[in-house]
Amino acid sequence: MADAATLADIERSFAAGVAARGLNGRVVVHDRMAELHGSGPVVSVELGDLIDQWDVLPEDMRAAKIDHVVERLRSAVARALPPPVETTDVAPIVGKILGGLLLVGTVVGAGIFWLARNFFGRKTAATVAFATASASPSAAPAEVAAAKAQESCEASRRRLYAGATALDVDPSGWVIELWLARDGNPAALLDDAALKDVAHEKLAGRLGAIEPASMSWVNTGEPMRARLRFEGGYLHPFMQAEGRDRFVALADQLADASGATHAALFARCAHSNTRDIGAYFRGRDAGGAAASLLFAQGLFSEPPIVDKAKLGGDTSALAALARATDGIELPLLEELIRDNGGRVMTPETGGVRGVGLTFALGGPTRAQQAARALAKQRKVN
């Protein structure tokens, strides 16, 4: 548990955040909870790892996390307040006026819909499919579920980029992927005995998945690449500190056992290639870890951080990035990753055989920021 000075510092930051939001009250921190005591009902929300991470978080991340917790407290207050009293003693004339306005609104709305449908261009197939699945009562249940999951994931993405933490992400629509690469060995990576032994029955309990959950190997079309996808209840442990550590340990284990030269662990919306939540990136040395970060995050961001034109076309993108990062000194990489909210793991500090780059739950999009700084330093942006 944090000392009194740290808790006092956090409460002072909450006081400023509450004042900035125009809320009345005082935030009290205890037992990893933040309680708002004001003129309304007392409400509380979980702080996750905020207290543990407080002393190492940059000022901007502290402010973003405090602001997000205050917003959650404000929402909790709004939910706790009793609903407004509805009255039915509307005068007849008022009722007629309201009825007339409703009729006019209905007619105007129908007219706008008819014009939009017949005169204002065609929607793309994806848009039509999404709108149909969202709005049509006759849509298949699977289509409706997929549309809702996509909508939920996009809403979560907007919150993440606005400063929310990974702890607050609704898992609906998200997938986790573990990417492995083994350059220099032409044998199919998925044929390796260590990867063939991977099964949901063995991993669900180890990782703490909540059923229903599923996992599967993705056919990448490249023999020297492999991608393991986790869905459903695997999202819950991935977005918790202890669960994230178990995922990282699994990544290290599979990389070691299969002889993979590169590994990356991230989460994204199932319908998008943008890898929003970067968790772990590994290589055999500092250059290899840097190449994994640039490949997994830099090429799959929106827009791409890495400029493919600067990689050349004679080799694979990963090989080109490995050349670009070859020889980077560990102290330089450590400084760059630390300045962007991450941590470097080595055999001496993290027990990993190679070099790993981890990014905390409190900064789910920090891996992209680190990739951007690294791409600039290696002149591939």
A chain fully extended from residue 74 to residue 16 at 0.36 nm per residue, minus the present Cα-Cα distance, gains in nm 19.5 nm
Per the 1/(1 + (r/R0)^6) rule, R0 = 56 Å and r from the Cβ atoms of residue 28 and residue 219, FRET efficiency to 0.05 is 0.60
With a ≥ b ≥ c from the Cα gyration tensor eigenvalues, square-rooted, and the rule rounded for a/c under 1.5, otherwise prolate when a/b > b/c and oblate otherwise, region 165-377 is rounded
Reduced to Cα centres, the span from region 27-71 to region 332-354 in Å works out to 28 Å
Once residue 5 and residue 145 are pulled to full extension, the length gained, defined as 0.36 nm per residue separation minus their Cα-Cα distance, is 45.6 nm
Note, residue 190: beta-carbon cut-off 14 Å, +1 each Lys/Arg, -1 each Asp/Glu, net +1
Residue span residue 162 to residue 229: 0.36 nm per residue of separation minus Cα-Cα distance leaves a gain in nm of 21.5 nm
By the mean-Cβ-within-10 Å protection proxy, highest first, 61-72, 272-283 rank as 272-283, 61-72
Each label sits 7 Å from Cα toward the beta-carbon; between residue 246 and residue 349 the label points are separated, in nm, by 2.7 nm
Here the FRET efficiency for residue 35 versus residue 309, based on Cβ atoms and R0 = 51 Å and rounded to 0.05, is 0.45
Ordering 300-312, 365-377 by per-residue average of other C-beta atoms within 10 angstrom, highest first, gives 365-377, 300-312
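Read-outs: derived from the displayed coordinates by stated rules, not from any lab. In this text, all values refer to a predicted model and were calculated from it rather than measured experimentally. Glycine also receives a Cβ, built like all others from the backbone with ideal geometry; neighbour counts cover every protein chain displayed.
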